[in-house]
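Notes for the one structure printed next.
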Amino acid sequence: MPITTAGDRDRTKPFGEIGARGVFVKEIEEALLAGRIDVAVHSAKDMTSSDTSGLAVGAYLAREDPRDALCGAEELRPEMRVGTASVRRRAQLLALEPSLSIEPLRGNIDTRLRKRGERGLDAIVLAACGLDRLGLGAEIGRRLSPEEMLPEAGQGALALQVRAGEEELVAEADDAETRRRVEAERECVFALGGGCLAPVAAYHDGETLTALVAAEDGSWVERRSGSDPAALAAELATLGAS
């Protein structure tokens, strides 16, 4: 059944003006809790960093490309106009090239690609996996490595959410390695108190978990790597508060 979320209804305001984190999942979770649906499919990066009471992620599908994608250009250049609504992307873009003009850009993928041309933006930044799923990989000028731009926790993974105790409905679809990585990322972001409203990021490459906290204007960025999500978050929280 089609469900429209707050993030779908309002495609003009920045996320922080719409409401709290999880603007693309709240109404779907309410339908799941009410029994109107039995399984919800989310982009894992859109979920809040902790599980909603009464619900559980029964499966993570095998992760696709977790990287961010630069569309409209093959590299960042001084004084480019770049569109994104993400504070995480904004902070890291400005850290890479402080002279960039970062302009807010909302809408679905097709809309954002169209607005790039209409507004004369030099480039926009989107999740590579979304473009790939829609067969729009040719729009990508550069896939930004995690060393250049650390992805959102869960980016590239789809999560199947069910009511707590009903995980067996989707258990066969679960990819154990994706679960291991994404849950470490989500745990780290939860401990940092971040989400789509704060410039924080976490990404597990299979061997190492890397987390990031930054100033929104990119004036400082701190990264730490390790294996313990809580320890990384604690160290970064201290740096961010100093």
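Observations
- Selection count where residues are over 25 Å from residue 150 (Cβ atoms) and open to solvent by less than 50 Å² (accessible area, probe 1.4 Å), scope the range 27-58: 13
- Residue match in the range 162-180 (condition: within 14 Å of the chain's Cα centre (by Cα) and of a type outside the set (Asp, Glu)): no
- Evaluation of residue 87 against the conditions (1) modelled with pLDDT of 95 or more; (2) buried (at least 18 other Cβ atoms within 10 Å of the Cβ); (3) under 22 Å from residue 199 (Cα atoms); (4) of a type outside the set (S, T, N, Q) shows that the sole unmet condition is (1).
- Hey, residue 161 modelled with pLDDT of 95 or more, touching a Leu at 6+ places or on another chain (Cβ under 7 Å) and either closer than 26 Å to residue 180 by Cβ or among the hydroxyl-bearing types (Ser, Thr, Tyr) (or both) or not: yes
- Criterion applied to 71, 129 was being within 14 Å of the chain's Cα centre (by Cα) and under 28 Å from residue 41 (Cβ atoms), and the one residue passing it is 129.
The values are calculated or read from the model by the stated rules, or taken from the named source; none is laboratory data. Predicted, not measured: the structure shown is a model, and the values here were computed from it. So basically every Cβ, Gly included, is an ideal-geometry build from the backbone, and we count neighbours across all protein chains shown. To get the accessible areas, we keep the full protein, side chains included, count just its heavy atoms, and leave off ligands, DNA and RNA. Shrake-Rupley method; radii C 1.70, N 1.55, O 1.52, S 1.80 Å.
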